[in-house]
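Note sheet for the following structure.
The values are calculated or read from the model by the stated rules, or taken from the named source; none is laboratory data. Here the structure is a predicted model, which means the values were calculated and not measured. Backbone-built Cβ (ideal geometry, glycine too); neighbour counts: all protein chains shown.
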Amino acid sequence: MNADTHDPDRPLTIELAQIQVEAGAIDRNVDRALEAIEDAADRGADLVALPELFNVGYFAFDLYDRYAESVEGETFSRLREAAADHEVAVLAGTIVEDLAETESVPTPADEGLANTAALFDAEGDLQLIYRKHHLFGYESAESELLVPGERLETATIGGVTVGVTTCYDLRFPELYRELVDAGTELLLAPSAWPYPRIEHWETLSRARAIENQCYVATINGSGSFDTGDGEATLLGRSTVYDPWGVTVASSGDAPTTVRADVDPETIATVRDEFPALRDRRL
């Protein structure tokens, strides 16, 4: 079904594609993403979401420069075409963006690299770009290699207002307040969250849903990476939380999909029954 002609009396059906991610295996990783999009569309999904740096692999820091692309590059172009071909909206995870090569959208710097997500509607039209704002520095080269994003945008998919953040952003609640103030009802967080921080992954994501009284969907990858100092393994556990912070659907750490319905009426009911957002003083 085309998400842009989505029946307003029916919830928005989302699928989180927790695909296997291999370091530097661009073709295989993108093929897995395209297969996940097609399968989700065949099952009637309205929106399919992919993990952070699903094409190159988050921990493949030495490959970032080699595989960086513009927003108009091959990876986003293939996913844009898949969205249109299968009439399903696609959150194209994130890629390493070459800011100097991007021409169609504003960039936070004239050159450098960014960790960039794109949301395409069911006609393949670009609805928003989000560049990761908070860059991870703990045992990670991300903050040394990338330029942080500056813009926050929302988009409407199937009558639901969608906002996007990325992985480490989950630790910074003020970012989510800004998105909710802009009307966001569904927060998507493509991620590459590794073991052993399971409790952080689950607690932070649930907290963002509870405090903002909206749906939060965290899309993690599956796979292990040689970091040079050892091995990093993604913990999976892609999850959809409802506005009460209740887990609607979740996964283990193996490749899989997570499917859930997002109902704006549920958000309105929760906010009416427990009007915490109206009680804010800051």
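Hey, among the residues in region 104-136 that are surrounded by fewer than 19 Cβ atoms within 10 Å (Cβ to Cβ) and among the charged types (D, E, K, R), which one's nearest to residue 61 (Cα to Cα)?
Within region 104-136, the match that is nearest to residue 61 (Cα to Cα) is 111.
Could you please find all residues in region 210-233 being in a strand (DSSP E or B) and within 15 Å of the chain's Cα centre (by Cα)? Break it down stepwise before answering.
First pass over region 210-233, keeping only residues in a strand (DSSP E or B): 215-219, 222-226, 231-233.
Of everything in region 210-233, those that are in a strand (DSSP E or B) and within 15 Å of the chain's Cα centre (by Cα) turn out to be 215, 216, 217, 218, 219, 222.
Inspect region 19-37 for any residue being modelled with pLDDT of 95 or more and farther than 23 Å from residue 74 by Cβ and give the result as yes or no.
Within region 19-37, not a single residue is modelled with pLDDT of 95 or more and farther than 23 Å from residue 74 by Cβ.
Out of all the residues in region 74-88, is one or more at pLDDT 95 or above, part of a helix (DSSP H, G or I) and aromatic (Phe, Trp, Tyr)?
Filtering region 74-88 down to residues at pLDDT 95 or above leaves 74-88.
Next cut, part of a helix (DSSP H, G or I) only: 74-86.
Then drop every residue that is not aromatic (Phe, Trp, Tyr), which leaves 76.
Yes.
State all residues of region 216-239 that are without any contact (Cβ under 8 Å) to a residue 60 or more places away in the chain and out of contact with any helix residue (DSSP H, G or I) (no Cβ under 7 Å at 6 or more places or on another chain); if no residue qualifies, say none.
Selection gives 224, 228, 230, 231, 233.
Tell me which residues, restricted to region 253-282, are assigned to a loop (DSSP other than H, G, I, E, B) and either in contact (Cβ under 8 Å) with a residue 40 or more places away in the chain or touching a strand residue (DSSP E or B) at 6+ places or on another chain (Cβ under 9 Å) (or both). Can you show your working first?
Restricting attention to region 253-282, the residues satisfying the condition of being assigned to a loop (DSSP other than H, G, I, E, B) are 253-255, 263, 274-276, 280-282.
Answer for region 253-282, where residues must be assigned to a loop (DSSP other than H, G, I, E, B) and either in contact (Cβ under 8 Å) with a residue 40 or more places away in the chain or touching a strand residue (DSSP E or B) at 6+ places or on another chain (Cβ under 9 Å) (or both): 253, 254, 255, 263, 274, 276.
Tell me whether region 51-63 contains one or more residues that are free of Cβ contacts under 8 Å to residues at least 40 places away in the same chain and either in contact with a strand residue (DSSP E or B) (Cβ under 7 Å, 6 or more places away or on another chain) or surrounded by fewer than 24 Cβ atoms within 10 Å (Cβ to Cβ) (or both).
Residues of region 51-63 free of Cβ contacts under 8 Å to residues at least 40 places away in the same chain: 62.
Imposing the further condition that a residue be either in contact with a strand residue (DSSP E or B) (Cβ under 7 Å, 6 or more places away or on another chain) or surrounded by fewer than 24 Cβ atoms within 10 Å (Cβ to Cβ) (or both) reduces the set to 62.
Yes: one or more hits.
Among the listed residues 180, 164, 147, which satisfies the condition of being of a type in the set (A, V, I, L, M), closer than 16 Å to residue 207 by Cβ and either in contact (Cβ under 8 Å) with a residue 12 or more places away in the chain or touching a helix residue (DSSP H, G or I) at 6+ places or on another chain (Cβ under 9 Å) (or both)?
Details: 164 fails: closer than 16 Å to residue 207 by Cβ; 147 fails: closer than 16 Å to residue 207 by Cβ.
From the options 180, 164, 147, the qualifying one is 180.
Being of a type in the set (Ser, Thr, Tyr) and touching a residue at least 40 places away in the same chain (Cβ under 8 Å) is the filter; apply it to region 185-206 and report the residue that is surrounded by the most Cβ atoms within 10 Å (Cβ to Cβ). Steps first, answer last, please.
Restricting attention to region 185-206, the residues satisfying the condition of being of a type in the set (Ser, Thr, Tyr) are 191, 195, 203, 205.
Subsequent filtering for residues that are touching a residue at least 40 places away in the same chain (Cβ under 8 Å) retains 191, 195.
Numbers: 191: 27, 195: 14.
Looking at the filtered set, the residue picked out is 191.
Could you please find all residues in region 147-184 being assigned to a strand (DSSP E or B) and surrounded by 23 or more Cβ atoms within 10 Å (Cβ to Cβ)?
Of all residues in region 147-184, those assigned to a strand (DSSP E or B) come to 154-157, 160-164.
Selection gives 157, 160, 162, 163, 164.
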